[in-house]
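This report refers to the structure that appears directly beneath it.
The numbers here are math on the coordinates, done by the rules we state, and not lab data. Everything numeric here is computed off the predicted structure, so don't read it as measured data. Cβ atoms come from the backbone with ideal geometry, glycine included; neighbour counts cover every protein chain shown.
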Amino acid sequence: DAFENIIFIGVKNASRNIENLKSKEAFTQAELKSVFGPGYAGKRNAVLFSAIDYKMDYLLFLDDDEYPVAVTNNKNVCLWSGQQVFLTHLREIEGVDYTNGYHCGYISPIPYVTFDDALCEKDFRTFIEAISNDIINWESIKDLMETGGVTYASTEVLTRLTPRDVEWENGCRFISGANLCINLKKPERSLPFFNPPGARGEDTFLSTMLKERTVRKVPCYAFHDGFSFYQHLLDGVLPIHLAPITSDSAFVATRFLNACVGWVRYKPLLLYITRPDEFEQRARAIREALVRTLPLLRGHFHEERFLSVLNEFEKYCRNVKKHYAQYITAQKTWKKIIEGME
């Protein structure tokens, strides 16, 4: 009842809109694939394009494993509070290009690791710093591991209620792909998501395009249930303790491995975009770190596939110039698409 009308945009609607672009014969197959290809970036761009085509003012991305609640830790007991995600973004988005909220819960796939002689903290730190992006630092990861892999909401953010602008830092204006609102009142200021084929990082690569855009961090949380432990939060089932994520679970190990593969697949292109002059030097350092630490992770997690992470890194390093060309093509094609809609 709070909405005047509801329009569902699914695969059929988005595909129909993309087919209309193809029929105009103004775009090559490579151009359209760079924007609407397989992968999360292509799916997000299809939704973004459809929203603009429907003349929507704003587009809010929320993941299907997120809930509009925040959890804080008070003397080892969980305290829950509802979050006005929709209204918070709506209050702030009008004067900026993007608004981005916070996340709590199970954000990171990095599990709690019990260090020993076979895998010490120094080695695990070397591995994480080698494959992660510039936003992630070891101290925050270490703190997260000590809380069992759970990120708790900050009471300062919850009570301060003061938005802040996101600074341009390390070659990007960092955003997350969910709890993310995009201002579409000026479609020409919109930008496409992008990821290398078979990789993730579509939000990170959008971050690298935002130098001339305004991004505001807004004080609302979404609880991310990355392991699907708590699917009944909105039914009032609010646990007083959250289960830790430990490395002795095969499911957790597999999820962590998949995340590592995703990270090394997009790390070369991210380096190439943000640190072009240092690419070879940094890639060499990452390669050396992986050669040294991957056998240790294989032993700790009892998972042979950790050794494949180095092969994935090498493959995406070899193709980095090709992926960079696709990254540039996606931006040019998106601009061409939007100009054709005016």
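Quick notes on this structure:
- Positive-end ranking of 145, 120, 8 along the dipole of the chain, with charges on Cβ about the Cα centre, is headed by 8.
- Computed from the C-beta positions of residue 87 and residue 303, the FRET efficiency with R₀ = 35 Å rounds to 0.20.
- Rounded to whole numbers, the Karplus 3J(HN,Hα) couplings from phi for the stretch 110-119 are 6, x, 6, 10, 8, 6, 8, 5, 7, 9 Hz, using 6.51 cos²θ - 1.76 cosθ + 1.60 with θ = phi - 60°, and x at Gly and Pro.
- Under 5 Å from the amide H of residue 78 lie the amide H atoms of 241, each residue being 5 or more positions distant or on a separate chain, with H modelled from the backbone and absent for Pro and chain starts.
- Spin-label zone in the stretch 221-255 - amide nitrogen under 11 Å from a point set 7 Å from the Cα of residue 114 along the C-beta vector: 247-248
- Cα-Cα over 27 Å, subset of 211/322; 185/211; 185/267: 185/267
- With θ taken as phi - 60° and the Karplus curve 6.51 cos²θ - 1.76 cosθ + 1.60 applied, the whole-hertz 3J(HN,Hα) list for the stretch 56-62 is 6, 7, 9, 10, 10, 8, 10 Hz, x standing for glycine and proline.
- 5 angstrom amide H check on residue 83, placed H, neighbours 5+ away: 69, 70
- Value of [θ]222 nm, deg cm²/dmol, for the chain, DSSP H segments ≥ 4, -39500 (n - 2.57) each, nearest 500: -14500 deg cm²/dmol
- For the stretch 172-224, the relative contact order works out to 45 percent when only alpha carbon pairs closer than 8 Å and six or more residues apart are counted.
- Here the calculated FRET efficiency for residue 315 and residue 138, from their Cβ-Cβ distance with R0 = 25 Å, stands at 0.40, rounded to the nearest 0.05.
- Remark: the stretch 95-106, residue by residue, has Karplus-estimated 3J(HN,Hα) of x, 9, 8, 9, 10, 9, x, 9, 10, 9, x, 9 Hz, where x stands for each Gly or Pro and the curve is 6.51 cos²θ - 1.76 cosθ + 1.60 at θ = phi - 60°.
- Under-5 Å amide H pairs with residue 58, H placed in peptide plane, nonlocal only: 184
- Taking the stretch 147-166 and a reference point 7 angstrom along Cα→Cβ of residue 246, the backbone N atoms nearer than 19 Å belong to 147-151.
- Prolate/oblate/rounded label for the stretch 83-170 (Cα gyration tensor, a/c 1.5): prolate
- Structure remark: mean-square fluctuation, Gaussian network model of the chain, C-alpha springs under 10 Å; the largest value among 279, 205, 27 belongs to 27.
- Remark on the stretch 1-73: Rg and Dmax equal 15.7, 56 Å (Cα only).
- For the pair residue 146 and residue 79 in one chain, pulling the backbone fully straight at 0.36 nm per residue adds 22.2 nm over the alpha carbon distance.
- Extended-chain gain in nm, criterion 0.36 nm per residue less alpha-carbon gap, residue 11 and residue 159: 49.3 nm
- Theoretical gain in end-to-end length, residue 322 to residue 170 [0.36 nm per residue, Cα-Cα removed]: 52.5 nm
- Cα→Cβ-extended label distance, 7 Å offset, between residue 331 and residue 19, nm: 3.3 nm
- Three-way shape call for the chain based on the alpha-carbon gyration tensor, with the a/c threshold at 1.5: oblate
- Each of 182, 199, 162 was scored by the projection of its Cα onto the charge dipole of the stretch 154-201, and the greatest displacement toward the positive side belongs to 182; charges sit on the C-beta of Lys, Arg, Asp and Glu.
- Relative contact order [Cα under 8 Å, 6+ residues apart], the chain, whole percent: 26 percent
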